[in-house]
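Working notes, structure below.
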Amino acid sequence: QVQLVESGGGLVQPGGSLRLSCTASGIDIGGYFMAWYRQVPGKQRELVAKITGGGSSTAYADSVKGRFTISRDNAKKTVYLQMNSLQPEDTAVYYCNDMSRSYWGQGTQVTVSS
């Protein structure tokens, strides 16, 4: 059974940091593009960051450039999203995505509030 399981979400104050993790089971993610998306109620899911299969290249939404960093450890079948300088507008459910095979995680809630 293929699963992508996100963790690391929670409540954080503005200016704080969180690190999200996405761990795969049932599949090997090595060599596959992976991404993080986010979604708020009533809006479309938004691509936040993506990373190539080997991790050599990344891309980010303009809204998170310079604050978020995507990385991966293929041996651990895990993709990370380090989020710094969080702002209330970053509040959303964050989803992990295997871009090549369209697998999705169940999402983890990130809430930025004082």
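Laboratory data are not the source of any read-out in this text; all were calculated from the coordinates shown. Given the structure is predicted, the values throughout are model-derived calculations rather than measurements. Note that each Cβ is placed from the backbone with ideal geometry, even for glycine, and that neighbours are counted across all protein chains shown.
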* Structure fact -> Note, D62: beta-carbon cut-off 15 Å, +1 each Lys/Arg, -1 each Asp/Glu, net +1
* Asked: About its Cα centre, what dipole magnitude does the chain give when the only charges are +1 on Lys and Arg Cβ and -1 on Asp and Glu Cβ, stated in debye to the nearest 20?
  -> 80 debye
* Roughly how many nanometres apart are two label points built 7 Å out from the Cα toward the Cβ at S63 and R19? -> 2.5 nm
* lysines with Cα under 24 Å of K76, excluding same-chain neighbours fewer than 8 positions away -> K50
* Alpha-carbon radius of gyration plus Dmax, which is the widest Cα pair, for the chain in Å -> 13.2, 40
* Asked: By the scheme Lys and Arg +1, Asp and Glu -1, what is the net charge of all other residues having a beta-carbon under 15 Å from that of G16?
  -> 0
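Per residue Cα convex hull volume for region 27-67, in cubic angstrom?
Numbers: hull volume 3.5 nm³, N = 41.
Given the Cα convex hull of region 27-67, per-residue volume reads 85 Å³.
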